[in-house]
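Let me begin by presenting the structure, written as structure tokens, before commenting on it.
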Amino acid sequence: MSETPESTVIIVEPTAQAKSTPVLAAPPAGKAAAKSAQPLPTRLTDLDKRLRELSARAQHAEAVTLLEQMRATAPKEHRITARLARYALAANDIDKAETAAKLALTEGAADSWCYVAMASAARRRGDLPRALTVIDGALALPGTFAELHLERAEILKAQGNRAGAALAYEAAININPDIPNALTLLGQMVHSLGELERARLIFEQIIDRTPNTQQPQLQLGNVLQAVGMEEQALEAYAKVIALNPKHGGVHTNRGAVLRRLKRYDEAMAAYDKAIELDPMGSGAFYNRGNLLKSQGKLDEALDSYDRSLALDPNNGTTHWNKALALLTKGDLLAGFREYEWRWRYPQFPTKPRSFTQPVWIGDPLNGRTLFVYSEQGQGDMFQFLRFLPILKKLGGGKIVLEVHEELVSLITPQRFADTVIARGAQPPDFDVHVPIGSLAHRLGVTLEKLPNRPYLAPLPNVADPLGPKDGKTKRIGLVWAGNPNYSGDKDRSMRFDQIRPLLDIPNIEWISLQKGYAEAQLPADAPIKPLGPQLTDWPTTAATIAGLDLVISTCTSVPHLTGALGRPAWVMLAHDADWRWLDRSRNDSPWYPSIRLFRQPKPGDWASVVQDVVQALTPKK
């Protein structure tokens with residue numbers, strides 16, 4: 001495949017006797033002449049110059065009109081038809097682009113843009129397999145054309161193949177480094193793949209080439225924010241503001257960085273500025289709601305979420321955060337209704353599942369079998385298991401319960417369900433299904449009607465590995481860190497040295513229930529028994545907790561198990577704690593009456609929390 005270079009031949013080859021004369025006759029008086037304010041070009045180079053000028057002004061429809069006039073004067077000239085396909089595509093007239101592309105190819109054109117037009121038309125109609133077939137067929141022909149790789153990248157991106165799209169963008173750039181926006185598109189794709197350092201280098205390269213262009217600066221700021229280079233991100237956003245003071249979106253992004261830096265007043269001012277500049281932008285209202293929620297201003301947060309949803313009503317992320325605000329406020333009825341949007345929240349840790357059987361809507365089972373399946377983490381399972389006994393009373397049906405594999409041995413003997421299976425196992429036949437996190441909504445649970453009696457019991461055949469204790473000494477279990485893979489772990493978890501002052505309190509036998517990476521933080525000489533290696537399963541952990549006088553933990557699955565067993569626990573919470581511990585005015589838990597809460601008075605202040613726990617444990621004189 002080859003393309004006629006822009007600097008060559010005349011549109012129609014002249015005869016030997018007429019080489020110095022125009023190759024096209026003047027257009028006849030009438031429609032063609034009337035539509036053109038300028039004489040029609042007589043050479044391909046002149047035509048392409050005019051097309052570039054129109055394209056630079058985004059006058060793609062005018063370019064199409066010019067090419068249609070040219071075709072009227074030279075209907076057999078396939079190079080004009082090929083250009084019509086290209087510019088009709090730019091004008092978003094995919095039918096005209098596809099028709100012109102097919103015609104040009106049948107007329108003998110070997111123009112890469114014809115294949116781009118046909119593939120792009122198929123892509124925009126949603127026929128991605130057809131689009132990919134066209135573009136891959138074109139790439140198999142002789143020649144090297146950046147635009148083919150660029151269109152292939154767009155097709156792969158539409159298919160969700162981001163890694164393949166990045167490779168295609170890179171191929172296009174290697175062929176033609178000057179393709180407009182190609183480097184930006186590559187940077188965005190690399191960013192979405194999590195290759196943040198590479199994305200940063202790409203956007204810095206773009207800025208070096210075009211230092212006064214706001215979009216690369218904005219993208220660079222976003223990448224710097226993602227890699228934790230907050231101050232540099234603020235510098236990049238400041239440059240965008242200098243280039244375009246009325247850019248509302250950059251103030252929203254700037255506010256997010258300021259919030260991360262705990263500069264909350266400045267963050268709120270940034271969101272307010274974004275709203276002032278762009279009152280129709282939902283993002284600023286959404287981020288403002290998140291800031292207000294983190295500050296405990298739940299009613300104001302809900303107002304901001306509602307204003308965001310008025311502009312973007314189907315945004316799953318905003319609905320998700322609104323649900324968390326409602327649940328934190330204690331409005332379980334409205335909160336769990338909004339919680340159903342979690343499946344539309346891109347960062348939700350569990351992916352939605354589909355079955356041929358219908359979803360259970362909360363009606364009596366009347367002999368049907370209900371499949372209740374797992375979601376999220378093990379602590380969530382412990383919390384939501386409380387609703388299973390209610391299901392057993394709904395019309396004599398059967399319950400099939402799916403739990404994490406690690407929970408099967410503890411949950412099966414509890415008689416929550418007729419059948420308990422491990423996550424991922426093939427369930428037996430069932431009639432209706434529901435994820436366990438939807439039970440509260442289906443059952444219409446309110447804070448006042450929340451089932452909160454102990455609903456788990458240690459297994460009688462599993463011994464406490466600690467054995468009998470000295471009756472004069474309190475035995476207290478301690479957990480200070482959770483799963484590091486959880487997105488909020490850095491806020492909810494502590495280091496061992498931060499809870500070390502607890503071990504100085506006399507007449508307490510301290511037991512470490514800590515598992516995972518944080519076990520290694522225990523000094524060999526610390527006055528605490530490291531039981532983690534012996535806690536090989538949940539039945540053993542439950543038996544251990546049942547024999548303790550108290551469990552003290554950060555927000556992990558252990559307090560949920562302890563509360564479900566009805567055993568006393570003190571939970572040390574971050575300032576912006578998880579929704580299930582309700583608003584920060586409370587030191588009790590309606591979910592678990594045996595739990596007492598100790599909260600940070602300000603973000604990051606674990607020292608005050610530990611001091612409050614020390615005072616609560618120290619005997620009064």
- If GLN514 satisfies every condition in (1) open to solvent by less than 60 Å² (accessible area, probe 1.4 Å); (2) of a type outside the set (A, V, I, L, M); (3) part of a helix (DSSP H, G or I) but one, which is the exception? (3)
- Could you check, for the range 118-127, whether at least one of its residues is closer than 17 Å to ARG50 by Cβ, under 32 Å from the mean Cα position of the chain (by Cα) and open to solvent by 30 Å² or more (accessible area, probe 1.4 Å)? no
- Note on the structure: Cβ pairs under 7 Å, 6+ apart or interchain, first in the range 215-241 and on the phi < 0 side of the Ramachandran plot, second in a loop (DSSP other than H, G, I, E, B) and surrounded by 17 or more Cβ atoms within 10 Å (Cβ to Cβ), ordered by first then second residue, are VAL240/HIS247; ILE241/HIS247
- Message: Which condition from (1) within 28 Å of GLU406 (Cβ to Cβ); (2) without any contact (Cβ under 8 Å) to a residue 40 or more places away in the chain; (3) crowded, with 19+ Cβ neighbours inside 10 Å is the one that GLY379 breaks?
- Response: (2)
- Query: Quick check, is ALA199 over 17 Å from ALA233 (Cα atoms) and open to solvent by less than 20 Å² (accessible area, probe 1.4 Å)?
  - Reply: no
- Could you pull out the residue among ASN181, ASN244 that is in contact (Cβ under 8 Å) with a residue 24 or more places away in the chain, surrounded by fewer than 21 Cβ atoms within 10 Å (Cβ to Cβ) and more than 24 Å from LEU292 (Cα to Cα)? ASN244
- For ALA109, all conditions in the list (1) in a helix (DSSP H, G or I); (2) open to solvent by less than 50 Å² (accessible area, probe 1.4 Å) hold save one; what is the number of the exception? (1)
- Query: Right, ASN461: closer than 19 Å to MET572 by Cα, part of a loop (DSSP other than H, G, I, E, B) and either of a type outside the set (Lys, Arg) or open to solvent by 20 Å² or more (accessible area, probe 1.4 Å) (or both) or not?
  - Reply: no
- Task: Have a look at LEU370, LEU391, LEU385 and point out the one that is modelled with pLDDT under 95, out of contact with any Pro (no Cβ under 8 Å at 6 or more places or on another chain), crowded, with 19+ Cβ neighbours inside 10 Å and closer than 16 Å to SER438 by Cα.
- Result: LEU391
- Query: Going by the structure shown, is PHE416 crowded, with 17+ Cβ neighbours inside 10 Å, more than 31 Å from the chain's Cα centre (by Cα) and not in a helix (DSSP H, G or I)?
  - Reply: yes
- Query: Looking at this structure, is PRO142 over 20 Å from LEU47 (Cα atoms), in a helix (DSSP H, G or I) and open to solvent by 60 Å² or more (accessible area, probe 1.4 Å)?
  - Reply: no
- Taking ALA526 as the residue in question, decide whether it is in contact with a Lys or Arg (Cβ under 8 Å, 6 or more places away or on another chain), among the small types (Gly, Ala, Ser) and either open to solvent by 60 Å² or more (accessible area, probe 1.4 Å) or touching a residue at least 12 places away in the same chain (Cβ under 8 Å) (or both). yes
- Across the range 128-139, which residue is farthest from ILE155 (Cα to Cα) among those that are buried (at least 20 other Cβ atoms within 10 Å of the Cβ) and over 28 Å from the mean Cα position of the chain (by Cα)? ALA138
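The values are calculated or read from the model by the stated rules, or taken from the named source; none is laboratory data. Just so it is clear, the structure is predicted and the values come from calculations on it, not from any experiment. Methodologically, a virtual Cβ is constructed for each residue, glycine included, from the backbone with ideal geometry; neighbour enumeration extends over all protein chains shown. Side chains are part of the model used for accessible areas, which takes the heavy atoms of the whole protein and leaves out ligands, DNA and RNA. Shrake-Rupley method; radii C 1.70, N 1.55, O 1.52, S 1.80 Å.
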